[in-house]
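The values are calculated or read from the model by the stated rules, or taken from the named source; none is laboratory data. Note that the structure is a prediction, hence the values are computed from the model and not measured. Cβ coordinates were reconstructed from backbone atoms using ideal geometry, including for glycine residues, and neighbour counts include every protein chain displayed.
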Amino acid sequence: MNRIMDAAITTATVDIRILRVSGNKMTLAVFRQLPQIDPWDMNFRVQPGRELWGTVNYCPKDCEGPIGLWHSDYGRTAHHQHVVWACSGEISRVAFPTNRSLVLKDLQRKESSGFLGGPEAAKAIGEWHLLKNRISELPQLFIAV
Ligand SMILES: [Zn+2]
C-alpha cells in the first residue's frame with residue numbers, strides 16, 4: 001500500500017447557488033409545497049418555455065418520488081433526484097428517476113396496460129437518457145434549513 005507523504009490543506013473559494021423566493025432563501029417547507037410534476041406526464045421532455053434550474057439534494061420524508069415508480073414494490077429506496085424547474089415565473093419540482101432498470105420496469109408496466117406502444121416506449125427511454133444527461137450537468141441548488 002502506498003502512503004501519502006505529501007498532503008496539504010489549501011483554502012479555496014466556491015460559489016453556491018441559493019434558491020430564493022421574493023428575495024428570501026427558500027425553506028424546506030416551501031420546497032415541499034412546490035407542485036410536483038410527473039416525469040412520465042412530460043414524456044421526459046422539457047417543453048419550450050420551461051427551464052431547468054438545478055437539483056436539490058433533499059428528499060422530503062413524505063416524498064412520493066417519481067410518480068409511477070413509487071409503488072410498494074420499489075419503496076422509498078427507488079433512486080431519484082429532485083429537480084427544480086421554472087415556467088412563466090412559476091417553479092415546480094420533479095422527482096426524476098435515475099435508475100434505468102426501474103424506468104424500464106415502469107415502462108413495461110405502462111406497455112402491458114396499453115399506455116405506451118413499442119415505438120413510443122423506445123422514444124421515452126431515449127428522452128429519459130437525454131434528460132438524465134442534462135440533469136447531471138445542472139448546478140446543485142441550496143435551500144435554507
Ligand atoms: Zn424524494
Worksheet item: Got a number for residues in region 96-116 being assigned to a helix (DSSP H, G or I) and surrounded by 13 or more Cβ atoms within 10 Å (Cβ to Cβ)?
Response: 10
Worksheet item: Which numbered condition trips up Met5, out of (1) under 29 Å from the mean Cα position of the chain (by Cα); (2) in a loop (DSSP other than H, G, I, E, B)?
Response: (1)
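If you take the residues of region 71-95 that are of a type in the set (A, V, I, L, M) and either in a helix (DSSP H, G or I) or at pLDDT 85 or above (or both), which of them is nearest to Val21 (Cα to Cα)? Show your work before the answer.
Going residue by residue through region 71-95, those that are of a type in the set (A, V, I, L, M) are 78, 83-84, 86, 91, 94-95.
Filter again for either in a helix (DSSP H, G or I) or at pLDDT 85 or above (or both), leaving 83-84, 86, 91, 94-95.
Values: Val83: 16, Val84: 13, Ala86: 12, Ile91: 10, Val94: 18, Ala95: 20 Å.
So, considering only residues that are of a type in the set (A, V, I, L, M) and either in a helix (DSSP H, G or I) or at pLDDT 85 or above (or both), the one nearest to Val21 (Cα to Cα) is Ile91.
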Worksheet item: Can you tell me how many residues in region 1-40 are under 16 Å from Lys132 (Cα atoms) and charged (D, E, K, R)?
Response: 1
Practice prompt. Exactly one condition in (1) more than 16 Å from the ligand (Cβ to nearest atom); (2) more than 30 Å from Val145 (Cα to Cα); (3) at pLDDT 80 or above is not met by Arg50; state its number.
Written response: (2)
